[in-house]
Every structure is written in structure tokens, then in C-alpha cells.
Amino acid sequence: MNPQSKLKGVIDLRWGSVQERQDKHEVRALKVHTDLNVADLLTKPHGRVKCDSLLQQVQESGVQLLKEDLQLREVEEKPKDAGAVHYAGFL
Amino acid sequence: MHVDDYLVRGARARLEEFFDGLCKHLEHKPPVFINDEDEVHFVGKRITQMFDEDGNKWYHLDQQRDMDAFLEEHGFVGVRNVAAPVASKALMTSDSALLDKPMATRYRSIVVSLQYFASETQWHLSHAVARLSQMNAAPTAGAEKQLHQLMGWLTANTGRELSAPVMQTTTWDVYSDSDHAGDRALGTRSHTGVVIVCNGAPAQWRSNEQPVTAVSVRVLRCMLLLKRSGMQGLPSGRQRSFSVKCPLPLTHKWTTVRLQSFSLT
């Protein structure tokens with residue numbers, strides 16, 4: 001929409017903004033099982049088991065991401081041809 | 001501009017250079033650097049740095065000192081540990097007798113303090129505190145029981161902290177959920193929860209009762225998406241603490257979404 005348009009403020013464009021971000025792959029929507037959805041803690045009362053499990057999940061996600069980050073670093077630090085397969089022969 | 005607290009991030013040599021320069025213009029206490037031995041107390045929060053067994057650096061953020069003082073002030077020391085902050089939603093409505101004026105004032109005072117902790121580091125308390133806040137206008141004996149349960153849980157959990165490792169990449173996970181009018185005793189409006197987790201540490205969270213009763217699941221989902229998209233980046237202090245920047249071009253602050261706007265789209 002034209003920024004000078006008189007319709008600005010009349011039509012809600014926020015919904016379009018969400019779609020745009022999804023199209024650009026900036027945001028990816030995934031289905032999460034209720035037992036793994038951390039936001040469940042902020043919507044419903046839970047007993048000890050579920051409460052501890054979700055809190056533990058958040059704590060462990062940092063460790064998991066760190067592992068992935070370290071693997072990524074190792075790949076980046078490796079020389080370009082280190083893992084390449086070299087062929088030798090006569091044509 | 002008037003400033004009495006500031007947090008600076010950077011290489012040690014550059015920081016020392018910065019403080020030397022600052023000394024020439026302003027009087028200030030000697031700076032405290034976060035390292036293995038020292039910790040920084042910044043606006044009521046303790047920031048510490050630790051290395052795990054593999055030598056990876058982690059930052060931790062907690063309010064244990066303030067929470068211990070708060071519990072002691074209100075006489076919640078050595079109380080029996082309870083299973084969960086809100087084990088049952090029925091407890092809140094178990095007794096509808098109104099509290100007398102001094103007790104109601106005390107109730108509100110404690111709930112406001114809990115709101116502060118829930119908004120700063122104790123993200124998992126947000127739902128419990130939001131429910132208690134709904135009774136602020138006229139606290140009941142049932143709400144008081146619920147408050148005692150939460151305080152009992154807190155006594156054994158003051159050490160809960162936000163912690164994140166130092167990494168090259170930054171990963172954001174956004175979780176959202178709604179109970180879809182699951183708490184009928186307190187009303188038909190749904191309760192929405194959103195948590196944004198940055199590198200394994202909750203960085204921003206909300207637990208709110210929705211302003212209107214959603215008429216369908218589709219509308220509810222739209223509302224959640226819009227709320228997520230409207231959520232602001234991290235509060236600057238927290239952003240600095242974990243040395244990250246929000247990569248998404250997120251717009252303005254958390255806005256209350258009007259349901260009417262959905263029916264037009």
C-alpha cells in the first residue's frame with residue numbers, strides 16, 4: 001500500500017505481514033505435541049511430572065543447541081578439500 | 001540524561017579503556033567484570049558466568065537473593081514443599097469468602113511482587129500469577145490458598161535461573177498455546193501463553209487472558225499468530241546480557257488484537 005494512502009490505518013495489514021514472513025521463510029510454523037509445547041506451562045495448571053518435564057526440556061534445549069553449534073563450527077573450520085574424495089587415474 | 005546503572009559489553013581491553021575514559025568525565029564506582037570469580041548484580045538480577053565440563057561458556061541470570069528476601073519478609077521460610085505452582089485449577093474457586101481489608105491488601109502486595117519476578121526471570125510462574133491477579137479486585141479465601149501454594153512452591157525453587165551458552169549461531173523458538181476457554185470457573189475467555197526461547201533460554205514470554213471470547217479455533221489461531229508477530233524484540237537489558245540481537249524485523253510492542261479486524265480479512 002502507498003505509505004501516503006488515506007486507507008492507511010483502515011485496513012489491518014498485520015495479517016499480511018505474517019504471511020509475508022512465512023513466504024520468505026523467515027518464520028516456519030510447526031505442529032508441536034502438547035507434551036512438548038513449552039507454552040503449555042503458561043496456559044494451564046499442571047502437576048509435578050508435566051511441570052518438571054517442560055522445565056527440563058527448556059534447560060536441555062540449550063545443551064542440544066550448543067552441540068549443534070559446535071558441530072557447525074567444526075565443519076566451518078575444516079579446510080575445503082579436507083573431506084573431498086580425490087580420484088587419480090589415466091584417461 | 002540521568003543514569004545510575006549501566007551494563008557494558010565488549011572485549012576486556014576495550015572495556016577498561018572505556019571506563020578510563022568515563023572516569024575523566026563522571027564519578028563512578030569501580031566497575032565489576034563478570035568472570036569465574038565475580039558476579040554482577042544489575043537492577044536486582046545476578047549475572048554469572050560459568051564453564052561446563054567441556055569448557056563452553058554459559059551465562060546465568062537469576063533473582064535468588066531478592067526472592068529469598070521476599071519470602072523471608074512474608075514468613076514463607078521452611079514451609080512444606082508443594083508439587084507444582086498450580087496443581088489444580090479448582091483450588092482458586094474452592095472458597096468464595098472475601099478476605100478482610102488488611103488481608104486483601106497483603107494479598108495484592110504479594111501478587112505484585114510475584115508479577116515482578118514472573119516478568120523478569122521466573123517465566124514459568126506467569127500463568128499462576130496471571131490467575132492470582134484476576135482476583136486482585138476482590139481476593140477470596142480460595143485465592144489466598146492458591147497464593148500460599150505458589151509461595152510454597154517458590155520456597156524450594158528460588159534457584160531457578162535463565163541460562164544460555166555462548167554460541168556463534170542464534171536460534172529462536174517461539175511456542176504458543178491457548179486453553180480455549182478451559183478455565184470456566186474464572187470465565188469463558190481463553191488464556192494464551194507465548195514463550196520465545198533464544199538459544200535455550202526463555203527471552204520473552206506472556207501469559208494473558210484474551211480480551212474477548214474467541215468464536216472459533218480459526219480466529220484463535222489468527223490471534224495467536226498476530227500476537228506473535230506483534231511481539232517486540234527482547235528488552236534491551238536482557239538482549240545485552242545474552243549478547244544476542246533479535247534477527248526478525250519485529251514490529252511494535254505487544255498489542256491487544258481486536259477480534260473485529262479478523263472478520264474483515
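Expressed in Å, the radius of gyration and Dmax of the Cα atoms of the range B:64-155 are 12.2, 35.
Net charge near B:Asn199: determine it from the other residues with C-beta under 10 Å of the C-beta of B:Asn199, scoring Lys and Arg +1 and Asp and Glu -1. Write out the running numbers ahead of the final one.
Numbers: positive: none; negative: A:Asp69, B:Asp173.
Here the count lands on -2.
Do any of A:Lys44/B:Lys145; B:Lys29/B:Lys57; B:Lys45/B:Lys89 go past 29 Å between their Cα atoms, and which?
Numbers: A:Lys44/B:Lys145 18 Å; B:Lys29/B:Lys57 27 Å; B:Lys45/B:Lys89 31 Å.
Those over the limit are B:Lys45/B:Lys89.
Loop-only check: which trypsin sites (Lys or Arg not before Pro) in the range B:62-106 are DSSP coil with at most 11 other Cβ within 10 angstrom? Those satisfying the criteria are B:Arg80. The alpha carbon radius of gyration of the range B:1-102, expressed as a multiple of 2.2 N^0.38 Å, is 1.70.
For B:His180, the residues whose modelled amide H falls within less than 5 Å of its own, excluding neighbours fewer than 5 places apart on the same chain, are B:His191.
Take the Cβ atoms of A:Asp35 and B:Leu98, set R0 to 35 Å, and the FRET efficiency comes out at 0.35.
Read-outs: derived from the displayed coordinates by stated rules, not from any lab. What you see is a predicted model; the values in this text were computed from it and never measured. Heads up, the Cβs are rebuilt from the backbone with ideal geometry, glycines too, and the neighbour counts pull from every protein chain shown.
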